[in-house]
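Below is one structure, written out as structure tokens; the observations come after it.
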């Protein structure tokens, strides 16, 4: 296969910008696509070329296979990268891209399809000797009676989970505390699954208490070489949405034998799936027994890939492009090392004080943190708008330091110096998470937010904030829509000279 | 000059008076001596009662005000609103009630039409934003006076969706 020289990026926001950055370094021509709602967005401004797909609705734009292929043909690219979300785990899209004679930057369609079905993935993992959560799945084509479900549930034990076969992201999922709730949960999950995924089939799984979410980054090439790039711990979640991730996992740091067993299982899983390119094998770990179970495999680049890049020093996107172009992985397993500790905080456009409702609007000011060991992946700049049509992820703030304690301090300082005005975000909530005793002690489970921070309220504004507002209103300093603040790319104050400032600013003293 | 901001449901008064060196500022009666050694559109440097100077980033959108204090222990960003001149009517007020969007989003369905009688709690509009669906329900029984939005329309937080005139004096 020839090396990739031009790439269509079938995505938007921060991941599109991240992929364009890799293209720049490789001298690859980057083609962006966009919806009407994203005209002029950062990923459009950053690319070499941009193609309008259609209206804002994802089905008319980022999820529209025909229009994406037309854009690829029109721009003469030789490869397509799906990013994450949207069509990244759609086997039909991978097949259509390849059928059009283009390189799909991702795994074979068969691997995507197999891992897309939770029950098929479970069966494959069991066959490969990878532990799965004890559960019950009805044989294909069979509709168990209420009594059969109840017996299966009793055998597994309560509490248990009802999950959708085609599900993901917590949709079509129910926690069942006891037998009396079972039938209602089965019906509810099936209904939700049918409307969300077009498939009503559900199965039962044991509920793992005090669970930690630990996943392994795997990578395969077209020559049968599969490696892992160590783990990420993503136990800080809300409704199955990750909020803070770190690498390495503090739990596995304390239990090297567990890491060895889990990395072996991750490699076995990837090999069983005939895996190529970047993928992630997700596990849950019972933090008291240290038993681990396969959860699912994500057949794409993950949102949280930056922390793996920070601790391994590898560029996952460049590796993806090289492997997709037919190259061999340029290193052996033994050459992969982890250095220091990395933490990623996901900055969402949402309001943690009001049920985490998504927020949108004009980004009046966005000043990203800077400094040693700080990396920011953002899809927006000051002056952009956050659209209500898409995912609420505004930016990822990742830090790298020698130790976990230093990384936490660095992450907190980075968040404290981040300025986002005009759109409500979870910045202060992220700081509360970092400061939580369970997170500090590395003992947090996936229940941390629900159990301890469900009623979190932002700190009340100090008098300084009110004084600043009143003086800014008084002096006419408020940044507004359409204007750019002094910290943005294009400062609007040309004739400013601090030496002539009437209020008597003096260098080096007060 | 007096500036008023709504903070967590309460209105805070901030008075600003120019003095020789800077400003005398009172926040709900508490006095501060403030100098502004540096200012540009979007930010200002504050020297409050001789404390180490603090950078404040500021922005406004309509009646919303945003302040971030980068690097501070409580850095924010803090969001408050300039209260409207007429005090808000709360509780079981009879008369037209404007139902507003609790979050920005897209109108998925409008379930009623103008002139239609509605029950208390009846769903009137379905809003969707970022994969979440929110039902906007009638706060009281009454008659729909006006539907202010259409299916597919993007709405901002606080935007009026529907006016319902109450027919139930008990609220």
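The values are calculated or read from the model by the stated rules, or taken from the named source; none is laboratory data. Everything quoted here is computed from the prediction, not taken from an experiment. Quick reminder, even Gly has a Cβ in these numbers, built from the backbone with ideal geometry, and neighbours come from all protein chains shown.
Being without any contact (Cβ under 8 Å) to a residue 60 or more places away in the chain and either part of a loop (DSSP other than H, G, I, E, B) or out of contact with any helix residue (DSSP H, G or I) (no Cβ under 9 Å at 6 or more places or on another chain) (or both) is the filter here; which residues of region A:84-98 pass it? Correct list: A:90 only.
Checking B:64, B:53, B:57 one by one, the residue that is facing another protein chain (nearest Cβ under 7 Å), more than 14 Å from residue A:466 (Cβ to Cβ) and out of contact with any helix residue (DSSP H, G or I) (no Cβ under 6 Å at 6 or more places or on another chain) is B:57 and no other.
Exactly one residue out of B:6, B:21 is more than 7 Å from every other protein chain (Cβ to nearest Cβ), modelled with pLDDT under 95 and part of a strand (DSSP E or B), and it is B:6. Of the helices (runs of 4 or more DSSP H) lying entirely inside region A:242-358, those carrying at least 3 residues that are touching a strand residue (DSSP E or B) at 6+ places or on another chain (Cβ under 8 Å) and more than 27 Å from residue A:417 (Cβ to Cβ) are A:256-272, A:316-324. In contact (Cβ under 8 Å) with a residue 24 or more places away in the chain, more than 27 Å from residue A:258 (Cα to Cα) and surrounded by fewer than 19 Cβ atoms within 10 Å (Cβ to Cβ), is that true of residue A:183? So residue A:183 passes the test.
Of all the criteria given as (1) at pLDDT below 95; (2) surrounded by 14 or more Cβ atoms within 10 Å (Cβ to Cβ); (3) within 7 Å of another protein chain (Cβ to nearest Cβ), the one not satisfied by residue A:460 is (2). Across region B:74-97, not a single residue is classified as more than 30 Å from residue B:10 (Cβ to Cβ), surrounded by 13 or more Cβ atoms within 10 Å (Cβ to Cβ) and at pLDDT below 90.
Results for (1) in a loop (DSSP other than H, G, I, E, B); (2) at positive phi; (3) within 14 Å of chain B (Cβ to nearest Cβ), shown as yes or no for each residue.
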position: A:366; (1), (2), (3): no, no, yes
position: A:372; (1), (2), (3): yes, no, no
position: A:377; (1), (2), (3): no, no, no
position: A:380; (1), (2), (3): yes, no, no
position: A:388; (1), (2), (3): yes, no, yes
position: A:391; (1), (2), (3): yes, no, yes
position: A:396; (1), (2), (3): no, no, no
position: A:399; (1), (2), (3): no, no, no
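Only a single criterion out of (1) at pLDDT 80 or above; (2) closer than 30 Å to residue B:13 by Cβ; (3) within 14 Å of chain A (Cβ to nearest Cβ) is not satisfied by residue B:105, namely (2). For region B:9-18, the set of residues classified as surrounded by fewer than 16 Cβ atoms within 10 Å (Cβ to Cβ) and either within 7 Å of chain A (Cβ to nearest Cβ) or without any contact (Cβ under 8 Å) to a residue 24 or more places away in the chain (or both) consists of B:9, B:10, B:13, B:17, B:18, listed by residue number.
Could you pull out the residue among A:395, A:401 that is within 16 Å of residue A:42 (Cβ to Cβ) and in contact (Cβ under 8 Å) with a residue 60 or more places away in the chain?
Details: A:401 fails: within 16 Å of residue A:42 (Cβ to Cβ).
From the options A:395, A:401, the qualifying one is A:395.
Report whether or not residue A:298 is out of contact with any helix residue (DSSP H, G or I) (no Cβ under 6 Å at 6 or more places or on another chain), away from chain B (no Cβ under 14 Å) and either at pLDDT 95 or above or closer than 17 Å to residue A:84 by Cβ (or both). Criteria met by residue A:298. Scanning region A:419-438 for residues that are away from every other protein chain (no Cβ under 14 Å) and either in contact with a strand residue (DSSP E or B) (Cβ under 7 Å, 6 or more places away or on another chain) or at pLDDT below 95 (or both) returns a single hit, A:433.
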